[in-house]
Amino acid sequence: MCGLSNLYISSVSCPNYDNNSVVSSNKAQLFNLMVLPNILQSLMIAAIPNIIGWLAISFAKDSSFLYMGRLLEGFGVGIISYTVPVYIAEISPQNMRGALGSVNQLSVTIGIFLAYLLGMFIPWRLLAVMGALPCTVLIPGLFFIPESPRWLAKMNLMEDCETSLQVLRGFETDITAEVNDIKRAVTSASKRTTISFQELNQKKYRTPLILGIGLLVLQNLSGINGILFYASNIFKAAGVTNSDLATCSLGAIQVLATGVTTWLLDRAGRRILLIISTSGMTLCLLAVSVVSFLKDNISHDSNTYYLLSMISLVALVAFVIAFSLGMGAIPWLMMSEILPVSIKSLGGSFATLAAWLTSFAITMTANLMLTWSVGGTFLSYMIVSAFTLVFVVLWVPETKGRTLEEIQWSFR
């Protein structure tokens, strides 16, 4: 659903309408300031504007309907983008939390791929109606899944917490130790029911906040959304005859790379994958930047220009693969792992706000920057990726194989 929402306008042709309505979605996502108390209710409420938004797009009579639809979509996706990773992290056993958490990003990449693929064959109005189907299925489906045990414990509903956890772990599993860990964490967090902004400067809150917000902001500043949104134009400018097919292939590659990440996360760990990912992204962006500067001084009709164009495209595809191996899934996963229970709503809202603000900025500036200088654009993204590598090496801890309570206690 998130993938279809983010890529819909940029992947299909809408004659007579302003494709800049994709920006409206990012604006709406900025208003996701606080997560509602109940995670499942939050998802249910978020599905409603998504459905209305898709229908507004499908039956649009002019561009104002597109803007309204994208605003509603942005509001819904803004809530979903935070609550889903948190829910998955809170219900997952520690040895599977990485794989299950990355399934969220895998689903997003599948949505992006479907938007690319179906946009080549299906009229955009029908595609918008199809976008409403996952949201429609989500609402009744939420009645059949258990609430987060940690949320129930935070609400002092310990019997419901134990019941939910037993359902999630299986009725043959002994959950005593995990229940005790949750009780200790919630008891510690409940000593103060509210957290002031001044208290967020304490190390136990400041460090996870900086890490969570930092990873999400740097994820977007790498330019991934600008590259994906304008992939078709980038391929066309490089001389690819069927740019839509090339873009669709890029989406398929992203799905496969994210699938590999899902398999690796609980084996290799988050930190090493982030280092590999950011290193690869930096090298690929450097290659694209250097090649672009060289192409500016070469005749478009020469064989050298064609060769450089192919090198640039290979490096661009390699960048998407490198991004998908770490920076695609892990920032949202780690944000849901490291934030303490007492500030999860407030801190997570700040992190989500920062992420969508940055996404909005990249979406607004990517096309302008590419028009100004392709080489300069990718050079700026490369600098961000290099800084991200340093950020990960110096400050990001490993969370593989640790309970949420152990991770959060480590920041005290």
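The values are calculated or read from the model by the stated rules, or taken from the named source; none is laboratory data. In this text the structure is predicted, and so the values were computed from the model without any measurement. Note: ideal-geometry Cβ built from the backbone for every residue, glycine included; neighbour counts use all protein chains shown. Side chains included, ligands, DNA and RNA excluded: accessible areas come from the protein's heavy atoms. Shrake-Rupley method; radii C 1.70, N 1.55, O 1.52, S 1.80 Å.
Every residue in the stretch 364-385 that is crowded, with 24+ Cβ neighbours inside 10 Å and free of Cβ contacts under 8 Å to residues at least 24 places away in the same chain, please.
Selection gives nothing.
As an exercise: evaluate LYS400 against (1) closer than 15 Å to LYS204 by Cβ; (2) open to solvent by 40 Å² or more (accessible area, probe 1.4 Å) and give the number of the one condition it does not meet.
If we test LYS400 against (1) closer than 15 Å to LYS204 by Cβ; (2) open to solvent by 40 Å² or more (accessible area, probe 1.4 Å), just (1) comes out false.
Got at least one residue in the stretch 386-395 being open to solvent by less than 10 Å² (accessible area, probe 1.4 Å) and more than 23 Å from PHE75 (Cβ to Cβ)?
Scanning the stretch 386-395 turns up at least one residue that is open to solvent by less than 10 Å² (accessible area, probe 1.4 Å) and more than 23 Å from PHE75 (Cβ to Cβ).
Any idea which of ALA361, ALA355 is of a type in the set (A, V, I, L, M) and either under 23 Å from GLY101 (Cβ atoms) or open to solvent by less than 40 Å² (accessible area, probe 1.4 Å) (or both)?
It is ALA355.
May I ask you to list the residues in the stretch 54-68 that are surrounded by 21 or more Cβ atoms within 10 Å (Cβ to Cβ), in contact (Cβ under 8 Å) with a residue 24 or more places away in the chain and out of contact with any Ser or Thr (no Cβ under 6 Å at 6 or more places or on another chain)?
The answer is TRP54, ILE57.
Can you report the number of residues in the stretch 281-296 which are over 28 Å from the mean Cα position of the chain (by Cα) and at pLDDT 85 or above?
6
So which pairs qualify, if the first residue must be in the stretch 100-126 and closer than 18 Å to VAL320 by Cα and touching a residue at least 60 places away in the same chain (Cβ under 8 Å), the second must be of a type in the set (Asp, Glu) and part of a helix (DSSP H, G or I), the Cβ gap must be under 9 Å, and the two must be at least 6 apart or on different chains?
Hits for this filter: TYR116/ASP244.
How many residues are open to solvent by 20 Å² or more (accessible area, probe 1.4 Å) and not in a helix (DSSP H, G or I) if we restrict to the stretch 256-296?
Matching residues across the stretch 256-296 total 1.
So LYS61 clears everything in (1) in contact with a helix residue (DSSP H, G or I) (Cβ under 7 Å, 6 or more places away or on another chain); (2) charged (D, E, K, R); (3) assigned to a loop (DSSP other than H, G, I, E, B) except one condition, right? Which one?
Going through (1) in contact with a helix residue (DSSP H, G or I) (Cβ under 7 Å, 6 or more places away or on another chain); (2) charged (D, E, K, R); (3) assigned to a loop (DSSP other than H, G, I, E, B) one by one, LYS61 breaks only (1).
From the list GLU178, GLU147, GLU172, GLU162, which one is on the phi < 0 side of the Ramachandran plot, acidic (Asp, Glu) and touching a Ser or Thr at 6+ places or on another chain (Cβ under 6 Å)?
Matching residue, one of GLU178, GLU147, GLU172, GLU162: GLU147.
Would it be correct to say that ALA366 is more than 25 Å from PRO208 (Cα to Cα) and hydrophobic (A, V, I, L, M, F, W, C)?
yes
Could you check the stretch 297-315 and list, in sequence order, the residues that are modelled with pLDDT of 90 or more and either at positive phi or open to solvent by less than 70 Å² (accessible area, probe 1.4 Å) (or both)?
ALA315
Of all residues in the stretch 234-245, which are touching a residue at least 40 places away in the same chain (Cβ under 8 Å) and either among the β-branched types (Val, Ile, Thr) or crowded, with 16+ Cβ neighbours inside 10 Å (or both)?
ILE234, PHE235, ALA238, VAL240, ASP244, listed by residue number.
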